[in-house]
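Here is the structure we will look at, set down as structure tokens.
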Amino acid sequence: MRNEGHPIPAEATSADRSHGARVDRVAGFGAAVALSGCVALPFVEFRENRIASGVGEAVTAAGWLGWLACALLAAALVAAFLPHAIRARALPAVAAVSTAVVVAALGSAATTLQEGQPAFARVSIGPGAWVAIVGIAVVWFAAWRASADVRTRWLAVALAVAGVGAAALWGGVPELSLAKEYAAQSRRFWPLVGQHLTLAGAGIGFGALIGIPLGVVASRSRIARQVGIGVVAIIQTIPSMAMLGLLIAPLAALGVRAIGTTPAIIALTLYALLPIVRNTFVGLAGVDPAALDAGRGMGMGRARLFLGVEVPLALPLVLEGIRAAAVLVIGIAAVTAFIGAGGLGVLVFQGWGQQADDLTLLGAVPMVVLAVAADALMRGLGRVVVSPGIREEAAA
Amino acid sequence: MIRLTEVTKRYGETLAVDRISLEVPTGEVSVLIGPSGCGKTTTLRMINRLIEPTSGLIEIDGEDVMSVSPEELRRRIGYVIQSVGLFPHLTVAENIATVPRLLGWKRERIASRVRELLAVVGLEPAEYAEKYPRQLSGGQAQRVGVARALAADPPVLLMDEPFGAVDPLTRERLQAAFERIQREVRKTVVLVTHDVDEAIRLGDRIALMRTGRLEQYDAPEALLDHPASKFVHDFVGADRALKRLGRVRVADVMRTDVVMTADGTRKIDVAACSGGRFVYLVDDDGVLEGWVDCRVLAAGTPAEEAGTRVDWREAAATPDTTLKDALSQMLGLGFRDLAVVDDRGRLLGEVSLRAIEQTMSGSDAHVSNLAEGEVLGAPADTGEGEVE
């Protein structure tokens, strides 16, 4: 608090270890991967139509933007070797700008290559660009950790979003095959996203509704612990496709159809259970017995002790369990497309069926975005509801 | 007053506590002590019903503890444990406010009580109120633990090895702080410890237990001088005379007419000693910095060379230090006189080996050898170099 307004608030102490290092190895690794992808692999692929096989095109197809992208990635590599004081600002800046420029370069390459070609021609993101994107993601991670304060971080994010937005609005991004595919699928894309969110949300919601009480019971009784955690652990080992099959018989016995939304939500709930039950149990079991003894000794009743001491102390782990369950369930929800539950899995499987990679990507990329967003949301929630007295101070 | 009558706790076939009867007078400290497994903690925890007695009667100010609900009972009894048990998710202020909140006090009353208590336990309210337990040292945490136990001003305080988990120096400070607080608040205290010195220092009475039975319940002096059994004799140990020094404080035997100067060694000569053995060097605030030995000075050595510079934290006692600790400090440092300072290092006086010897004269012969009959120079009235 005393550092209010100062460029390095108290939070900066969190990443002490990376601060001391002379070289940011993570950033250096990410930048090197991104640069090599950008330079050595085909940046984009040209295809005569949606399902034809592609021809690789180097980053030079993007013109000056391509060169700029490579130069920025080289700059990121250099930034990893700068002293920490400079690195803390240079890395977020270079991560933000290179993100925007790589996207703009993709658009530029798409526009250039499709000039004078028939309307079905497509230019898709090539392996080089994918590698560059993954590398840049690693640089983001390192930049997040190294950046001195919250303001720098969000400034970098805002810069990147603005850059990507500008490239999408005024650059050649709509010419990319993924964008074209989206344009073609836009009418069912958002409903599928909505279905996906509904499925995953219901799975996590029911998982928490059932899992948290189960975890509490497990922390109170040894038998419940052994049986409960054993059963949910076995459930977790069942492959998701097999689970959907195994549900047919019991659901039929109950008179529920084995295809559609209901069995999908049941399966997702079952998968969400393990991380939630286990973390709730571990969180409650980890509460300092001295704090409980002191609480009892001061005259706190059972309910007060539970709500006032145990729950707040177990909360970080419970939230961590829900976070893990969310990421897991968003992934597994794709599979439920097989039993007609809808969701982004529909696009993925149709894309595979038609050998239309763009369609597959149109399903897969939003799933990654959803998982990352859910992860960030839960971490943000933890920052709000967990007491500063027990919060993990680690950044990133 | 706390009264235990024929209190028994049985676990299956085992008798953890066997027909204990004792009385803790209001405002006094009774220490339960004994080897591990003797039932001292069980006895303590039966008083606030964290353990329910199998049979017997426990009364607090004449009221049977079984006649009220355990929660209500415990809110009237302060409780301090070895591992402190502060709630890590709550601030120091919120921790201290636990019982007042349970009792439904008004917000302003709680806030002012918290500030008051932090000051009582020696923590600056403005600095510590909003800290979290993990930001405290072990000693600070236990001070907060004591403040929390005192929050609703309970007449009775139960302490289970409260100073057991900290280093010896911190323990000494906590014990001194406890003595000071107890002089102020005069609670009826039951304290469990396995440290005989702590029992002798803090207890008005000591209850020595063995395998669930009460061996002897007496004042520390009586326990030392008239052990009721061989077990008591052995448990207290052979160095009873030394142990008895744990009952006396430096403040009781120190002399305050010492010569001190804030001018450094410049003006010190034999005349400045005015017959005393030492001229103490202090800074402008009176904080001890060292001393000049007048005998060395008399032998012709210049004052700069006859002086000793010290850190008051290491080479001085406080008025609350027991004579036992002071003696141990003297032996460790090789001093016959020990400066006495307050908790900020300001010189208050000195305590001599001879004074300690006189305190225990007659009670034990082998310790008096330490003094070797040497007579220390008695300082005359204060010299001109004195400050304050």
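Greater than 29 Å separation of Cα atoms is the criterion. Which listed pairs, B:230/B:324; B:9/B:106; B:40/B:131, meet it? Intermediate values should be presented prior to the final figure.
Values: B:230/B:324 24 Å; B:9/B:106 40 Å; B:40/B:131 34 Å.
Beyond 29 Å: B:9/B:106; B:40/B:131.
What three numbers, in Å, describe the spread of the alpha carbons of region B:250-371 along their principal axes, ordered from the longest?
Largest first, region B:250-371 extends 44, 33, 23 Å along its Cα principal axes.
For residue B:267, go through the aspartates and glutamates and keep the ones whose alpha-carbon is under 12 Å away, minus same-chain ones fewer than eight residues off.
Cross-link targets: B:304, B:384, B:386.
Rounded to the nearest whole Å², what accessible area per residue is found for region A:10-175 with the 1.4 Å probe?
Working: 7900 Å² over 166 residues.
Here the residues of region A:10-175 average 48 Å² of exposed surface.
Rounded, prolate or oblate: which fits the protein assembly as shown when a ≥ b ≥ c are the square roots of the eigenvalues of the alpha-carbon gyration tensor, with rounded for a/c under 1.5 and prolate only if a/b beats b/c? Could the numbers behind the result be given before it?
Working: a/c = 3.86, a/b = 1.81, b/c = 2.13.
Oblate is the answer for the protein assembly as shown, as a/c is 1.5 or above yet b/c matches or exceeds a/b.
Got a sec? Charge dipole of chain A, +1 on Cβ for Lys and Arg, -1 for Asp and Glu; which of A:277, A:343, A:289 is way out at the positive end?
Ranked along the dipole, the leading option is A:289.
Farthest toward the dipole's positive end in region B:183-261, which of B:216, B:232, B:258, given Cβ charges of +1 (Lys, Arg) and -1 (Asp, Glu) about the Cα centre?
Comparing the listed Cα positions along the dipole, B:216 ranks first.
If you take each beta carbon of peptide A:284-296 and count the beta carbons of other chains within 10 angstrom, what is the mean? Display every interim value, and only then the final one.
Working: counts 0, 0, 0, 2, 7, 2, 8, 10, 2, 7, 13, 6, 8.
Taking all residues of A:284-296 together, the mean is 5.
At 222 nm, what helix-only mean residue ellipticity would chain B give, in deg cm²/dmol to the nearest 500, using -39500 (n - 2.57) for each DSSP H run of four or more?
Values: 19 runs with 138 residues, N = 388.
Value at 222 nm, helices only: -9000 deg cm²/dmol.
With point charges of +1 on the Cβ of Lys and Arg and -1 on the Cβ of Asp and Glu, referenced to the Cα centre of chain B, which listed residue (B:298, B:65, B:147) lies farthest in the positive direction of the dipole?
B:65
Summing both sides, how much accessible area is buried between A and B? Use a 1.4 Å probe and give Å² to the nearest 100. Please list the in-between numbers first.
Working: alone 20100 and 18040 Å², together 36290 Å².
For A against B, buried area totals roughly 1800 Å².
Counting each pair of different Cα atoms once, what's the Kirkwood radius of region A:183-385 in Å, rounded to one decimal? Walk me through the numbers before you get to the answer.
Numbers: mean 1/r = 0.0545 Å⁻¹.
Evaluated on region A:183-385, it is 18.3 Å.
What is chain A's relative contact order, in percent, from Cα pairs under 8 angstrom and six or more apart in sequence? If you can, show how the numbers build up before the last one.
Numbers: 636 pairs, mean separation 66.1, N = 396.
It rounds to 17 percent for chain A.
Given +1 on the Cβ of Lys and Arg, -1 on the Cβ of Asp and Glu, and no further charges, what dipole in debye does chain A carry about its Cα centre, rounded to the nearest 20?
On the way: 27 positive and 20 negative charges, 197 e Å.
In debye, rounded to 20, chain A gives about 940.
Would you tell me the mean number of C-beta atoms belonging to other protein chains that fall within 10 Å of each C-beta in B:88-95, as a whole number?
5
Given C-alpha coordinates of chain B, what is the ratio Rg to Rh with the Kirkwood estimate of Rh?
With Rg and the Kirkwood Rh in hand, the quotient comes to 1.05.
Per residue of A:383-389, how many C-beta atoms from partner chains lie within 10 Å of its own C-beta, taken as a mean?
Numbers: counts 0, 0, 0, 1, 7, 4, 14.
Counting other chains' Cβ atoms within 10 Å and averaging over A:383-389 gives 4.
Only Lys, Arg, Asp and Glu count, each charged at its Cβ (+1, +1, -1, -1), so figure out the dipole size of the protein assembly as shown about its Cα centre, rounded to 20 debye.
3620
Just to be sure I understand: of the beta bridges DSSP finds with both ends in region B:2-240, what percent are antiparallel, rounded to 5? Mind showing how you got there, number by number?
Values: 19 of 38 bridges.
The antiparallel proportion sits near 50 percent.
Express the carbon and sulfur contribution to the solvent-accessible surface of the protein assembly as shown as a percent, rounded to the nearest whole number, probe 1.4 angstrom.
Reported share for carbon and sulfur atoms: 59 percent.
Could you sort B:148-158, B:109-119, A:174-184 so that the peptide with the highest average Cβ count within 10 Å comes first and the rest follow in order? Spell out each step's value before the answer.
Details: B:148-158: 22.5, B:109-119: 17.3, A:174-184: 19.2.
By packing density, highest mean first, the sequence is B:148-158, A:174-184, B:109-119.
Quick check on chain A: take the gyration tensor over C-alpha atoms, sort the square-rooted eigenvalues as a ≥ b ≥ c, and tell me if it's rounded (a/c under 1.5), prolate or oblate. Please list the in-between numbers first.
Values: a/c = 2.87, a/b = 1.29, b/c = 2.23.
Oblate is the answer for chain A, as a/c is 1.5 or above yet b/c matches or exceeds a/b.
Placing +1 at every Lys and Arg Cβ and -1 at every Asp and Glu Cβ, with all other atoms neutral, what dipole size does chain B have around its Cα centre, in debye to the nearest 20?
Numbers: 48 positive and 62 negative charges, 333 e Å.
About 1600 debye.
Could you give the alpha-carbon Rg of region A:332-396 over 2.2 N^0.38 Å, rounded to two decimals?
On the way: Rg = 17.1 Å, N = 65, 2.2 N^0.38 = 10.7 Å.
Compactness ratio reported: 1.60.
Could you work out the helix-only [θ] at 222 nm for chain A, with each DSSP H run of four or more residues adding -39,500 (n - 2.57) and the total divided by the number of residues, to the nearest 500 deg cm²/dmol?
Numbers: 16 runs with 280 residues, N = 396.
When only DSSP H runs of four or more count, the value is -24000 deg cm²/dmol.
How fast does region A:10-175 diffuse by Stokes-Einstein, in µm²/s, taking the Kirkwood radius from C-alpha pairs at 4 °C and 1.567 mPa s?
On the way: Rh = 16.2 Å.
Value of D from the Cα-based Kirkwood radius: 80 µm²/s.
When a/c is below 1.5 the answer is rounded, else prolate if a/b is larger than b/c, else oblate, so apply that to region A:150-251 with a ≥ b ≥ c taken from the square roots of the Cα gyration tensor eigenvalues.
Details: a/c = 3.85, a/b = 1.88, b/c = 2.05.
Judged from the Cα gyration tensor, region A:150-251 comes out oblate (a/c at least 1.5, b/c at or above a/b).
The values are calculated or read from the model by the stated rules, or taken from the named source; none is laboratory data. As the structure is a prediction and not an experimental result, all values here were calculated from the model. In this analysis, Cβ positions are derived from the backbone assuming ideal geometry, glycine residues included, and neighbour counts consider all displayed protein chains. All accessible areas refer to the heavy atoms of the entire protein, side chains included, with ligands and DNA or RNA removed. Shrake-Rupley method; radii C 1.70, N 1.55, O 1.52, S 1.80 Å.
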